[in-house]
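Report on the structure given below.
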Amino acid sequence: MIPLIGYADKLSGRPGEKVAVKVSSELGGSYRAELVRVISGDPNPAGPGVRTVPVEAAFEGEYPARPQRAHLGSHMTAALRGPLPSRFTLRATIWPTKPDKGRQGIMSLIDGSGNAMAGLSIGPDGAVLTVGGVAVAVGKALLPRTWYQVQAVINLDAGTLRVTQAPVHGAGVVDDTGDAETTLSADAAAAAAVAHARSVIIAAVTETDSASHFNGKIEAPAILSDGAETPLAAWDFSRDMASLTVSGVGPLAGDGALVGAPVRAMTGSNWDASQMCWHHAPDQYGAIHFHDDDIADAGWQTDFEFEIPTDLRSGVYAVKLTQGAHWDMIPLFVCPPKGRRMADLCVVVPTFTYVIYANQARAEFGPEWKARAAEWGSYPYNAAEYPQFGLSTYNDHTDGSGICHTTWHRPIFTLRPGYHAFGNKTSGSGLRHFPADTHLFAWLDAKDIPFDIVTDWELHHEEVELLAGYPAVSTCSHPEYHTTQTLNAFRDYRDRGGKLAYLGGNGFYWRVALHPEMDGLIEVRRAEGGLRAWASEPGEYYHAFNREYGGTWRRNARPPQQLVGVGYTTQGDFEGTHYRRQEGADHPDAAWIFDGVEDQVIGDFGLCGGGAAGYELDRVDSRLGTPPNVHVLATSEDHPASFQLPPEEWLTHVKTWAHAPADELIRADMVYFEVPGGGAVFSSGSITFCGALPVNGFDNNVSRILENVFRRFLETGAGAS
């Protein structure tokens, strides 16, 4: 167990809004909580260090310690509106993904204390029916990723139990069809109690037993009277696809509540591939994919709640917890009051990307990572060792399917000041996402450039009006994941005369959807092309949350080049090189960007990967939407052999989409262009660009270029005073 850790019910808020903080401590006694402003989150001794400033807050003080646990696994629970008859059938169609795992619940009847009285389940010996202490199994193993109808017939009058299983699409070469029967020897009172079950659970034996949670798809769960096809209780998973509630059908069926956010809009046993979009043929998408490691909310109790002070300036903060030698910092991005701007620069924090990567367990984790964490005093916990809070959408579920739902309602290791993603020496600080973005925040602080913070959550809900009036808007180092609303907001801001700085690489790449009923729950579908951690199954490319087609924005006809002039072109190990100045840097429209910079080589240094052009890089491409008036200011060079093109850049094994040699596409382009109406865009084209800013006390050519950009943007942007 982790000694001290917590999370809040939101990642961002405005003055006057309430924040609920949930803490788990294994240490006994009490812990201390306080509010700090985060200036820098890089634990590298060669950099600015982890720097925070205490901020007075009403909640500061000591709180009693208590342990709290997160229960992984998804299921559905529904009340039964009356007693069951003495003879009834449990039936469901299933697509198991780990049939050789131990007992996994399909449908359980639950008493008033939450105990399983009877149930239909599967295990290594096929379908199993259990009533009290009596169990009967078919005795034939189920094949993974194969559709079966499983059924349990309970006859309390005759005292018999019967269980069957049969493949939906006919017998194959494996003998997996069968049935088994036994008699009840329990006394009549115990047997009769089954008929008085209070509720039903789908996809688990009990709610709190994660080991019994089902892995795979379930469709059409139903309870029927003996010999009747009209259900006493049934649940149709093809309806209200975006909801966490499933309407019950039949006189005994209460509405079902989905716990743990299992995946909806999944192809069912009757999917015939005639439609790839679930809302064109919803009757073929009547399945839900459950997993034993799903999580939507850790469900911890609140330890304390506070109101964001009305006089707190916009910025990056954290609730800091300390107890003895142990500490945790829970980030909070404080926006300005709604409808007001407190600074001329607005930095949009990519919380969707942070949460998509939340608790990523990387293959590179190992002794080097732990040694560095110990040496630097870095954040010491990693999801590769502590998976109990759920992993990221860059990981797989235990059944091998990709994780497509993520949530901020849980402790998130990767969202901590001082957390490093990489531990090898060539990675430098090895920072990604929030800790890496503090390089920008620390630089703004050092240059005394006031800025407001908003996040993509506010941008999604308030759209371009949130940015209206800011002379300049900046991204962070990796704004990869966007909804339609956030992408539109950036475009509309630019086209209305705004000055936009894109300071990262591989940005505006994937499309995501937000759950309409639960803030903090995000969906991604890894459809078709793109550099994918896993691939969605055919027919499962459309989001359940909002009906939109998933995948990359490039596959949705909105490649990043249309917005910021450059788009993702290559990725390598976490290492970087430099840019070389190009003719565009001397163009009259752009020469001011290089005022005070005579160097031909730019950014051959950096805390992340050792160079300003590294890890994930973007380039111009007119066919993808780079405007003709773009000025290429600098282009990177000399990238190591680890840098390769992503799948979307290849047509064959030798022919690229751009019809250019592959090595010419492995580069970052730093660009500037203007937009009719007064708008303009500066793009760095590299994910490690901001990692160069702190070098030499924030005095270097990358720092000077960005300062030139921001000073000019703030002077000339729409709404500039």
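Laboratory data are not the source of any read-out in this text; all were calculated from the coordinates shown. Since we're looking at a predicted model, the values are computed, not measured. Please note: Cβ atoms are built from the backbone with ideal geometry, for glycine as well, and neighbour counts cover all protein chains shown.
Just a few scattered comments:
- Here region 524-561 is scanned for amide nitrogen atoms under 14 Å from the site 7 Å beyond the Cα of residue 280 along Cα-to-Cβ, giving 539-543, 548-550.
- Neighbour net charge for residue 535 - beta-carbon separation under 12 angstrom, K R +1, D E -1: -1
- For region 75-290, the alpha-carbon coordinates run over 52, 40, 33 Å along the three principal axes, in decreasing order.
- Descending principal axes extents, region 469-593, alpha-carbon based, whole Å: 50, 39, 24
- The amide H of residue 246, built 1.01 Å from its N in the peptide plane, has 256, 257, 258 as neighbours under 5 Å, considering only residues 5 or more places off or on other chains.
- Zone of residue 589's modelled label, taken as backbone nitrogen in region 666-710 under 12 Å from a point 7 Å along Cα→Cβ: 672-681
- Couplings 3J(HN,Hα) for region 8-13, derived from phi with the Karplus relation 6.51 cos²θ - 1.76 cosθ + 1.60 (θ = phi - 60°), are 10, 7, 8, 9, 9, x Hz, where x marks Gly and Pro.
- Each 20 Å bin from 0 upward holds the following percent of the Cα-Cα pairs of region 344-716: 30, 62, 8.
- Computed with the Debye formula from one identical point scatterer per Cα of region 103-195, without solvent, the log10 of I(q)/I(0) at q = 0.23 Å⁻¹ comes to -1.11.
- Which labelled figure in [x] 3, 14, 24, 26, 20, 10, 2, 0; [y] 3, 11, 15, 15, 14, 12, 10, 8, 6, 4, 2, 1, 1, 0, 0; [z] 3, 14, 23, 23, 17, 11, 6, 2, 0, 0 is P(r) over Cα pairs in 10 Å bins from 0, in percent, once derived from the coordinates: [z]
- The ellipsoid that matches the Cα gyration tensor of region 390-429 has semi-axes, each √(5λ) in whole angstrom, of 24, 15, 6, with the longest given first.
- Within the chain, helix-based [θ] at 222 nm, where runs of 4 or more DSSP H residues each add -39,500 (n - 2.57), nearest 500: -3000 deg cm²/dmol
- If R0 is 35 Å, the Cβ-Cβ spacing of residue 185 and residue 257 corresponds to a FRET efficiency of close to 0.50.
- Ordered by the count of other Cβ atoms within 10 Å of each Cβ, fewest first, 404, 277 give 277, 404.
- Spatially, region 365-382 and region 654-670 are offset by 36 Å when compared through their Cα centroids.
- Between region 551-605 and region 96-138, the alpha-carbon centres lie 57 Å apart.
- Whole-percent P(r), region 391-520, all Cα pairs, 5 Å bins from 0: 2, 8, 14, 20, 21, 16, 11, 5, 2, 1, 0.
- Of the DSSP H helices in the chain, those whose Cα atoms cover at least 30 Å axially and whose Kyte score averages -1.0 or more: none
- Taking the chain and dividing mean pair separation by its residue count, relative contact order in percent (alpha carbons under 8 Å, at least six apart): 13 percent
- Report note on the peptides 434-441, 36-43, 692-699, 6-13: ranked by the mean count of other C-beta atoms within 10 Å, highest first, their order is 434-441, 36-43, 6-13, 692-699.
- Rg/Rg_globular for region 24-164, with Rg_globular taken as 2.2 N^0.38 Å and Rg from C-alpha atoms: 1.78
- Rounded Å value of the spacing that divides the Cα centres of region 277-334 and region 218-233: 37 Å
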